[in-house]
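Participant: Okay, handing you the structure first.
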Ligand code: ADP
Ligand code: MG
């Protein structure tokens with residue numbers, strides 16, 4: 001990672017820090033930017049398993065997709081894992097939605113659907129390779145200068161040994177937990193579909209569909225209650241589309257492949273082009 005200089009901190013991760021870094025570009029005079037994510041293997045008495053942390057790097061290294069944050073380089077040194085990632089200038093989607101909300105603005109439905117379609121293509125790509133992301137949420141979705149979205153933070157991702165393998169380990173972020181995770185049922189791709197549905201809802205409502213600081217209350221909401229209806233500004237088709245991803249029973253939940261041929265995408269994406 002020669003030649004990279006720290007410019008400023010851009011985020012605080014759960015196990016380390018994220019810095020914007022720059023270096024002189026090879027061509028005349030300019031600089032290029034990247035993001036350096038440092039994960040401390042031993043900190044505050046917590047010991048992370050090096051193998052699990054390295055998994056994020058190894059997995060990302062094998063992925064190349066226009067809507068997945070690119071890993072440019074990585075190294076392990078002195079109990080620290082450093083990931084050099086492409087810089088997404090627009091920051092994370094969660095912060096963007098928070099700004100819209102505090103300005104009393106909203107994200108247009110076409111934009112939400114366009115972001116959604118980009119994330120859907122990233123997840124289809126991952127699932128086709130038997131990789132589950134397992135921490136899909138607006139804080140792990142990044143915006144580029146050109147206003148494209150990229151899925152990042154593969155710290156919780158997991159490669160399956162085979163397509164129908166079921167997993168038991170509960171990881172991720174509680175607000176985006178699918179019902180099956182909460183009742184310790186073995187799960188598979190459906191948990192990413194649920195979380196993606198939560199993200200689309202959040203883009204349209206500027207609120208998460210299920211939210212409580214009290215874990216038991218949150219679990220009860222996810223398992224038994226329906227989220228507040230989306231505002232009438234959302235087309236009925238979009239509202240139904242979100243509801244299909246938030247079906248509590250995993251076997252009844254829509255699949256990514258079904259989502260990709262849903263008319264809601266064709267209609268909205270045609271409006272953009
Ligand atoms: P953690 O595993 O700790 O959640 P993340 O990869 O989600 O780490 O990064 C934490 C924060 O750092 C993000 O919410 C975002 O604000 C910032 N960040 C991370 N990666 C990038 C990136 N590629 N471009 C811009 N900002 C980033
Ligand atoms: Mg994160």
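The values are calculated or read from the model by the stated rules, or taken from the named source; none is laboratory data. No experiment lies behind these values; they were computed from the predicted model shown. As a convention, Cβ positions derive from the backbone with ideal geometry for all residues, glycine included, and neighbour counts pool all protein chains shown.
Participant: I need the full set of residues from segment 226-242 which are in a helix (DSSP H, G or I) and either in contact with a strand residue (DSSP E or B) (Cβ under 6 Å, 6 or more places away or on another chain) or under 20 Å from residue 138 (Cα atoms) (or both), in order please.
Facilitator: Within segment 226-242, 238, 239, 241, 242 qualify.
Participant: Next question. Just for segment 196-209: of the residues that are buried (at least 23 other Cβ atoms within 10 Å of the Cβ) and without any contact (Cβ under 8 Å) to a residue 60 or more places away in the chain, which one is nearest to residue 99 (Cα to Cα)?
Facilitator: 201
Participant: Return yes when residue 228 is surrounded by 15 or more Cβ atoms within 10 Å (Cβ to Cβ) and at pLDDT 90 or above and no when it is not.
Facilitator: When the stated conditions are applied, residue 228 does not pass them.
Participant: Where residues in segment 176-188 are touching a residue at least 40 places away in the same chain (Cβ under 8 Å) and under 14 Å from residue 135 (Cβ atoms), which of them is nearest to the chain's Cα centre (by Cα)?
Facilitator: 176
Participant: So which of 112, 159, 128 ends up being more than 16 Å from ligand 2 (Cβ to nearest atom), over 13 Å from the mean Cα position of the chain (by Cα) and within 27 Å of residue 233 (Cα to Cα)?
Facilitator: Checking each option against the conditions leaves just 112.
Participant: Scan 49, 12, 32 and give me the residue that is away from ligand 2 (no atom under 16 Å from the Cβ) and modelled with pLDDT of 75 or more.
Facilitator: Just one listed residue meets the conditions, 32.
Participant: Examine segment 90-108 for a residue that is within 25 Å of residue 167 (Cα to Cα), in contact (Cβ under 8 Å) with a residue 60 or more places away in the chain, more than 15 Å from ligand 1 (Cβ to nearest atom) and surrounded by 18 or more Cβ atoms within 10 Å (Cβ to Cβ), and state whether such a residue exists.
Facilitator: Checked segment 90-108: no residue is within 25 Å of residue 167 (Cα to Cα), in contact (Cβ under 8 Å) with a residue 60 or more places away in the chain, more than 15 Å from ligand 1 (Cβ to nearest atom) and surrounded by 18 or more Cβ atoms within 10 Å (Cβ to Cβ).
Participant: Output yes when any residue across segment 111-127 is touching a residue at least 12 places away in the same chain (Cβ under 8 Å), within 11 Å of ligand 1 (Cβ to nearest atom) and in contact with a strand residue (DSSP E or B) (Cβ under 6 Å, 6 or more places away or on another chain), and no when none is.
Facilitator: No, that holds for no residue.
Participant: For residue 79, all conditions in the list (1) out of contact with any strand residue (DSSP E or B) (no Cβ under 9 Å at 6 or more places or on another chain); (2) away from ligand 1 (no atom under 14 Å from the Cβ) hold save one; what is the number of the exception?
Facilitator: (1)
Participant: Kindly evaluate residue 60 against the criterion of being touching a strand residue (DSSP E or B) at 6+ places or on another chain (Cβ under 7 Å), at pLDDT 85 or above and within 16 Å of ligand 2 (Cβ to nearest atom).
Facilitator: yes
Participant: Within segment 139-152, can you find the residues that are surrounded by 21 or more Cβ atoms within 10 Å (Cβ to Cβ) and either touching a residue at least 60 places away in the same chain (Cβ under 8 Å) or more than 10 Å from ligand 2 (Cβ to nearest atom) (or both)?
Facilitator: Listed by number, the residues that qualify are 142, 149, 150, 151, 152.
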